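K.L.:
Here it is, the structure, as structure tokens.
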Amino acid sequence: MNQLAMEYQAINLAQGFPDFPADPKLIAYVDEAMKEGFNQYAPMGGIYSLREVISEKIKSLYGAAYNPDTEITLTVGATQAIFTAVTAFVNPGDEVIIFKPAYDCYEPAVRINGGVPVPVQMQGKDFKINWEAFSKALGPRTRMVIINSPHNPSGTVLSKDDMQELEQRLHATDVLVLSDEAYEHLVYDGRNHESVARYPDLVSRSLICASFGKTFHVTGWKTGYCAAPAGLMKEFRKIHEFNVFAINHPVQRALAKYLSQPENYLELPGFFQEKRDFFLEAVRESRFSFTPCQGTYFQLLDYRNITEEGDVEFAKRITREYGLASIPISVFNERNEDNRQLRFCFAKNKDTLARAGEILQRI
């Protein structure tokens, strides 16, 4: 879809990246760190000051205490953290439960390590987890469950009830949880982010993967982290050391300063909810229907009132004919289940969103 957007000079609401700049203060912190000489290798796990402030953030928001020295590692974005976590624990023949629709890095990571993805399709247009289907998917070869909340591509968030179900159904097992929480600070309408760090029985078996790129509008920096109990982190680092060893040093210095000011992430839900609401108001008079997303910076639009075309063909057609690129959801689903929904990224300037809204009203 990105290639098609480039070919037709379309407004690109397909890929999840902002078209507005990062906070100048954060940029200045990176510049300052470079000028102060922090341009050589950082420690393998990341600089201690950043790991410490991450630990403090998790403790203050979710209640779990992670040791900065032994239980937090800085990574090249959440994707590298996810790949490393899978590689550290999934061996040939191990099964990994993946809820569909699923972000597209999970299954390749499992397969390349010889694991067997076991898909569990989320139900309907609201993407509810069928917990009975999940229990049936659990078996003696289940090594790991991958969860993602706030959820890409649907924009839904797991509830407290969902997390308690997961906790209960895994209680008597030794199954690990990989929790992709890249959008943890992008949750709307007064909801809480139900991190696994809120649930002690899940904390003991979970690796949390998170992203600063998504959080602070710097996706090109590719910075994130993994948090996990010391025993799990020891295995994680065995892969991390020989995969990337250490990540960008001056960026770590900048993020340590920036995260020490909690308002820099606590204000993000309001910032992005305003963009979501602006985009939805711009499409309200169109023939698309929607339920406001609960989290992430992705909004699904339902087009069943417009055409019976499959979502892949419809997404391509509106890119070619109307100059607006989106993502079809069926490609993330088990057996390409098609609910006639397209995903649009609203992490954009209001001018971009207004122009997209004008196009959508013409379709």
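Since every read-out is calculated from the coordinates, none of them should be taken as a lab result. These numbers come from a predicted model, not from an experiment. Ideal geometry is used to build each Cβ from the backbone, glycine not excepted, and the neighbour counts take in all protein chains shown.
K.L.:
Does region 1-130 come out rounded, prolate or oblate by the C-alpha gyration tensor, with a ≥ b ≥ c the root eigenvalues, rounded set by a/c under 1.5 and, if not, prolate when a/b is larger than b/c and oblate if not?
P.N.:
It comes out oblate by the Cα gyration axes.
K.L.:
Step through the residues of region 200-205 one at a time and calculate ³J(HN,Hα) from phi using the Karplus curve (6.51 cos²θ - 1.76 cosθ + 1.60, θ = phi - 60°), rounding each to whole Hz and writing x for Gly and Pro.
P.N.:
Calculated HN-Hα couplings, in order: x, 5, 7, 3, 5, 10 Hz.
K.L.:
Compare Ala197, Ala182, Ala64 in a GNM of the chain, Cα atoms joined below 10 Å, and give the one with the largest fluctuation.
P.N.:
Ala64
K.L.:
Same structure again: For region 226-233, in order, what is each residue's ³J(HN,Hα) by Karplus, 6.51 cos²θ - 1.76 cosθ + 1.60 with θ = phi - 60°, in whole Hz (x at glycine and Pro)?
P.N.:
3J(HN,Hα) across region 226-233, in whole Hz: 10, 10, 6, x, 3, x, 6, 5.
K.L.:
Here is a further query. Below 8 Å between Cα atoms, with a sequence gap of 6+, how large is the relative contact order for region 24-261 in percent?
P.N.:
Relative contact order here is 31 percent.
K.L.:
From the phi of every residue in region 185-193, what ³J(HN,Hα) in whole Hz does the Karplus formula 6.51 cos²θ - 1.76 cosθ + 1.60 yield, where θ is phi - 60° and glycine or proline is x?
P.N.:
Using θ = phi - 60°, the values come out as 9, 10, 10, 10, 6, x, 6, 9, 7 Hz.
K.L.:
Sticking with this one: What residues qualify as long-range amide H neighbours of Leu207, i.e. H under 5 Å apart, gap of 5 or more or another chain, H built at 1.01 Å from N?
P.N.:
Val177, Leu178, Ser179
K.L.:
Test of understanding: ordering Thr73, Thr291 by Cβ neighbours within 10 Å, fewest first, what list do you get?
P.N.:
Thr291, Thr73
K.L.:
Quick query: amide H of Val120 versus all other amide H atoms, modeled in the peptide plane; which residues come in under 5 Å with a sequence gap of 5 or more or a different chain?
P.N.:
Amide H neighbours of Val120: Ile98, Phe99, Lys100.
K.L.:
Taking neighbour Cβ counts within 10 Å as the exposure measure, how do Tyr8, Tyr258 sort from fewest upward?
P.N.:
Result, fewest neighbours first: Tyr8, Tyr258.
K.L.:
Could you please report the charge total around Ala22, scoring K, R as +1 and D, E as -1 over all other residues with beta-carbon less than 13 angstrom from its beta-carbon?
P.N.:
-1
K.L.:
Another question about this same structure. Number of Lys pairs in region 1-131 with C-alpha atoms less than 21 angstrom apart, excluding same-chain neighbours closer than eight positions?
P.N.:
The number of close lysine pairs in region 1-131 is 4.
K.L.:
Something else now. Rounded to the nearest 0.05, what FRET efficiency do Glu235 and Glu263 give with R0 = 41 Å and r taken as the Cβ-Cβ distance? Could you check?
P.N.:
Result of the calculation: an efficiency of 0.70.
K.L.:
Cα centroids of region 53-86 and region 303-354: how far apart, whole angstrom?
P.N.:
The two parts, judged by their Cα centres, are 34 Å apart.
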